[in-house]
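Since the structure comes first, as structure tokens, the remarks are kept for the end.
The values are calculated or read from the model by the stated rules, or taken from the named source; none is laboratory data. Keep in mind that what you see is a predicted model, and the values were worked out from it rather than measured. Quick reminder, even Gly has a Cβ in these numbers, built from the backbone with ideal geometry, and neighbours come from all protein chains shown.
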Ligand code: SF4
């Protein structure tokens, strides 16, 4: 057996073990296990031990369970859904880096995550390894050579899954580049795997240039006492925090849930930043709300929530044309009202359909 066969065998064994644990915990129905294993071939299952303990005893429709436990719905795909919904590949001059806007780049040092969100828009690319030394060198060289780059956004995968020493090495190299003015790090770790926020990690994140942490969190129940503690440690060590939330059907798509979530952020000193319209990733239609529903929700929370707790509702235009506000005049209904006309930041208009029916492949 060669090394690749061994790795595949190990992955398959791990997948079956996690699924058995989920079946035993009554989080996956025994008769669905095989179809869920199929879904996990595209997007691995990742649930840290402590999170699994939190999920046990909850119903299958619970907002935390639905985000991380695979479902048979993931095998239902529409021809209009995309493998690269926000067009990262069109803007990737070197491996592990996306340069979509002139003044900022996305650097993805690792493609694995502590949790795998079942709606992930990078579901076809996450779950692998970290960048090799040579790949990282090439990505950092690119940033060095392009002096219009002012902000580097560390994403992935989840950068906080890396060892503190590795993160510190990357941050140190980035902050030595004169034209890099600020670094941003996108993560789910403080809420869902808070034990990783150790004193070694805090030390690794302690750099001279401004570092912002953006917490991806979709429901107030994600923030338990351990999460609050991890967030407090990060903020007390001088790191400002922002939030990003994906609007998800049946999880947070009511004004009550959104209000509670945004207030929870502010109560934990996190400034609400993005509320994302769900991307057209394959096999995620069971999570996607319509744009119309999202707009109505946001209108409702505009009227009831303090300004400090308001996020920006955004749509990433499929194909890599960037984000636009989903609220204002940039997005208008098409003439027959079945789709939308979306204008990008260059003034180019795109056709956008949000009400996509999946093909039942089962
Ligand atoms: S943490 Fe981010 S990259 Fe990882 S699975 Fe979730 S959404 Fe995808």
Search result, residues across the range 237-258 that are crowded, with 23+ Cβ neighbours inside 10 Å and part of a helix (DSSP H, G or I): 258
Where residue 74 falls short, out of the listed (1) under 23 Å from residue 160 (Cβ atoms); (2) within 14 Å of the ligand (Cβ to nearest atom); (3) over 16 Å from the mean Cα position of the chain (by Cα); (4) touching a residue at least 40 places away in the same chain (Cβ under 8 Å): (1)
Using the structure shown, decide if residue 126 is part of a helix (DSSP H, G or I) and in contact (Cβ under 8 Å) with a residue 24 or more places away in the chain. no
Identify the single condition in (1) free of Cβ contacts under 8 Å to residues at least 60 places away in the same chain; (2) on the phi > 0 side of the Ramachandran plot that residue 268 does not satisfy, given that it satisfies every other one. (2)
Suppose the filter is within 16 Å of the ligand (Cβ to nearest atom) and either out of contact with any helix residue (DSSP H, G or I) (no Cβ under 6 Å at 6 or more places or on another chain) or at pLDDT below 95 (or both); does residue 60 pass it? no
For the range 91-107, check the following and say yes or no: at least one residue is in the same structural domain as residue 226 (by TED's automatic domain parsing) and under 26 Å from residue 222 (Cβ atoms). yes
Subset of the range 129-156 that is within 16 Å of the ligand (Cβ to nearest atom) and without any contact (Cβ under 8 Å) to a residue 40 or more places away in the chain - its residue that is farthest from the chain's Cα centre (by Cα): 131
Is it the case that the range 183-190 has a residue that's away from the ligand (no atom under 16 Å from the Cβ) and exposed (fewer than 15 other Cβ atoms within 10 Å of the Cβ)? no
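Here's the yes/no breakdown for (1) on the phi < 0 side of the Ramachandran plot; (2) in contact with a strand residue (DSSP E or B) (Cβ under 8 Å, 6 or more places away or on another chain); (3) not in a helix (DSSP H, G or I):
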residue: 121; (1), (2), (3): yes, yes, yes
residue: 153; (1), (2), (3): yes, yes, yes
residue: 160; (1), (2), (3): yes, yes, no
residue: 165; (1), (2), (3): yes, no, no
residue: 200; (1), (2), (3): yes, no, no
Can you tell me which residue among 215, 261, 211 is crowded, with 18+ Cβ neighbours inside 10 Å, in contact with a strand residue (DSSP E or B) (Cβ under 6 Å, 6 or more places away or on another chain) and within 27 Å of residue 354 (Cα to Cα)? 215
Might you let me know whether the range 168-182 holds any residue that is within 16 Å of the ligand (Cβ to nearest atom) and not in a loop (DSSP other than H, G, I, E, B)? no
Any chance the range 157-171 includes a residue that's under 22 Å from residue 115 (Cα atoms), exposed (fewer than 15 other Cβ atoms within 10 Å of the Cβ) and without any contact (Cβ under 8 Å) to a residue 12 or more places away in the chain? yes
Any residue at all in the range 28-44 that's within 16 Å of the ligand (Cβ to nearest atom), closer than 30 Å to residue 150 by Cβ and touching a helix residue (DSSP H, G or I) at 6+ places or on another chain (Cβ under 7 Å)? no
Which of the following residues is in contact with a strand residue (DSSP E or B) (Cβ under 9 Å, 6 or more places away or on another chain), farther than 28 Å from residue 79 by Cβ and modelled with pLDDT of 90 or more: 310, 282? 310
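Each row is one residue, and each column tells you yes or no for (1) assigned to a loop (DSSP other than H, G, I, E, B); (2) assigned by TED's automatic domain parsing to the domain that holds residue 232; (3) under 28 Å from residue 40 (Cβ atoms).
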residue: 283; (1), (2), (3): yes, yes, yes
residue: 286; (1), (2), (3): no, yes, yes
residue: 298; (1), (2), (3): no, yes, no
residue: 324; (1), (2), (3): no, yes, no
Among the listed residues 185, 234, which satisfies the condition of being in contact with a helix residue (DSSP H, G or I) (Cβ under 8 Å, 6 or more places away or on another chain) and assigned to a strand (DSSP E or B)? 185
Being surrounded by fewer than 20 Cβ atoms within 10 Å (Cβ to Cβ) and under 17 Å from residue 105 (Cβ atoms) is the filter here; which residues of the range 126-139 pass it? 135, 137, 138
